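Readers should treat all values here as calculations from the given coordinates under stated rules, not as data from a laboratory. Predicted model, so just to flag it, every value in this text is computed and none were measured. Positions of Cβ are generated from backbone atoms using ideal geometry, with glycine treated the same way; all protein chains shown enter the neighbour counts.
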Amino acid sequence: MSGSENTTVESVRVPQEEKNIHGDIPIAAKPDSAIINVSTTAVIVVEMENDFGEKGGMFDRAGIDIAGIQDIVNPIQKVLDAARRAGIDVIYLKLGYLPDLSDLR
């Protein structure tokens, strides 16, 4: 980072007593399945912001094709819904610039 960006972290925490599942759960994945412990696992969502994936956002205004970004919104939402049901913490990382993009280098 050049120092001009503003990175923030937001976390949606579910108190341990409200979590629906405790301990290890299997995750079917390719190329290999995995086992995660919900009490020590978080889902990290990086840069899923309007500036990157919405019409009129920074990427769209810069002429960048945002179709691929828009295609992943629903699958990401399904992952987040499942994580929240399991009581897994969700952390959002956001990158910010001034509205006129004058701090973008």
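A crude spin-label estimate for the pair Ile64 and Gln77, with each label 7 Å from Cα along the Cβ direction, gives 2.2 nm. Each Lys or Arg adds one and each Asp or Glu takes one away; over the other residues whose Cβ falls under 15 Å from the Cβ of Asp60, this sums to -4.
Peptides 35-44, 70-79 ranked from most to least packed by the mean count of surrounding Cβ atoms within 10 Å: 35-44, 70-79.
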